[in-house]
Amino acid sequence: MVVNCKYIIFWYYIMNLTKSNGLENNLVKTIDTFNLPIPRQEVPKPHFTALVVAPTGCGKTNLMSNFLGFYQDKQYEEKPIFDCMVLISPSSFPNKMGFKSENKFDKFKWDEIHSNFSDKTMNLIIKNQEARIKEYLDYEQDLKTYNQLMEDSKVENKIIIDYFKRFPNLSKPTCRFDRIPTCIICMDDICNANRQASLSEFISRSRHLNCSFITAVQALTQASSHLRQNCSVLILLKTNNSKTLETIYDEFTCNDFTKDQWQDICKLPEAKQDFIMLDQKEQDRNKKYRLGFDRFINIM
């Protein structure tokens, strides 16, 4: 009988991971590993509001970049999930000396880049997304009228005249979007914005705007209560901050397991760049929690 060494190494890793973290109580039943890149159907579904919680120097920017890659990366055969990408980050602009540091976000094609957050910036982003949505809805209506003109010889003259004003050659309308445009807003290195009223207003409207949102904070308390209440994806990098862990348990996880079980799960990340991801919209509890992006934590 021939045994594949890869499987032996994999199971040895899993057994040692659970043992080294004191998880001998069958808390973690299995940890499923995807082949990278992770299938699109296994990433959190838009629309989402994502919050990354991590101390300084743990790679929040790199993590957010990797997260966005699942939706936009060209390694997937499918088209990108988001039609528009907006970045709010001071590090994406040169400093006073004209120097711009290398940024993990540079690999993406951003439709808008803003150096800082303000009510004016947020209003502009919302206005631009509303314009994109209107562009597509107008196209849908024009296409409906065009098809009516092509198929019905008894169309009212007013409809013909109105269409001819916009399309002098009676040409078929076109649009750069093939659906109601989706948008992702990524906010990095701007902690003070997370308590701004205009951001709370945007989050309340984000579903209707077809916008998803991701930001990062060093501590959960830096995020407003409104942001936390609307957070659907929480990414927690390795931390020993008992207050943060207790707050997350009270606000996000207490309905799924006991506090002792939550403390055991928080021991799973080993290196400082390891993290636990919680997908609040996932109905299957055994797919709701992950260690990293690619391993489900199946809870007994």
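The values are calculated or read from the model by the stated rules, or taken from the named source; none is laboratory data. Treat the numbers as computed from the prediction; the structure is a model and nothing was measured. All Cβ positions, glycine included, derive from the backbone under ideal geometry; neighbour counts span all protein chains shown.
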State whether the residues of segment 230-246 include one that is touching a Pro at 6+ places or on another chain (Cβ under 6 Å), of a type outside the set (D, E) and at pLDDT below 95. yes
Filter segment 157-189 down to residues that are within 17 Å of the chain's Cα centre (by Cα) and in a loop (DSSP other than H, G, I, E, B), then give me how many there are. 4
Hey, among the residues in segment 49-60 that are within 13 Å of D189 (Cβ to Cβ) and buried (at least 18 other Cβ atoms within 10 Å of the Cβ), which one's modelled with the highest pLDDT? V52
Residue under question is T244, and the condition is that it be of a type in the set (V, I, T), within 27 Å of D264 (Cα to Cα) and touching a strand residue (DSSP E or B) at 6+ places or on another chain (Cβ under 7 Å); does it hold? yes
Give segment 232-261 a look and list any residue that's crowded, with 19+ Cβ neighbours inside 10 Å and part of a loop (DSSP other than H, G, I, E, B), or say none. S232, T239
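Let's see how each residue does on (1) without any contact (Cβ under 8 Å) to a residue 24 or more places away in the chain; (2) touching a His at 6+ places or on another chain (Cβ under 7 Å); (3) of a type in the set (D, E, K, R); (4) exposed (fewer than 15 other Cβ atoms within 10 Å of the Cβ):
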| site | (1), (2), (3), (4) |
| --- | --- |
| R207 | no, yes, yes, yes |
| S212 | no, yes, no, no |
| Q222 | no, no, no, no |
| N230 | no, no, no, no |
Which ones in segment 252-267 are touching a Ser or Thr at 6+ places or on another chain (Cβ under 9 Å) and either closer than 17 Å to V52 by Cα or at pLDDT 90 or above (or both)? C266
Could you list, ordered by first residue, the pairs with Cβ atoms under 6 Å in which the first is in segment 47-75 and under 18 Å from L234 (Cβ atoms) and the second is part of a helix (DSSP H, G or I) and among the polar types (S, T, N, Q), at least 6 apart or interchain? T49/N230
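Results for (1) over 13 Å from I185 (Cα atoms); (2) out of contact with any strand residue (DSSP E or B) (no Cβ under 8 Å at 6 or more places or on another chain); (3) assigned to a helix (DSSP H, G or I); (4) at pLDDT 95 or above, shown as yes or no for each residue.
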| site | (1), (2), (3), (4) |
| --- | --- |
| K74 | yes, yes, no, no |
| E77 | yes, yes, no, no |
| K96 | yes, yes, no, no |
| S101 | yes, yes, no, no |
| D106 | yes, yes, yes, no |
| W110 | no, no, no, no |
| Q129 | no, no, yes, yes |
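Please go through segment 268-292 and pick out each residue that is more than 18 Å from A54 (Cβ to Cβ) and assigned to a loop (DSSP other than H, G, I, E, B). Break it down stepwise before answering.
The initial filter retains those residues of segment 268-292 that are more than 18 Å from A54 (Cβ to Cβ), namely 280-288.
Result: Q280, K281, E282, Q283, D284, K288.
Specify which of the listed residues (L220, L143, L149) is modelled with pLDDT under 95 and touching a Cys at 6+ places or on another chain (Cβ under 9 Å).
L143
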Scanning segment 143-156 for residues that are surrounded by 10 or more Cβ atoms within 10 Å (Cβ to Cβ) and part of a helix (DSSP H, G or I) gives L143, K144, T145, Y146, N147, Q148, L149, M150
Looking at segment 284-294, is at least one residue over 19 Å from the mean Cα position of the chain (by Cα) and crowded, with 19+ Cβ neighbours inside 10 Å? no
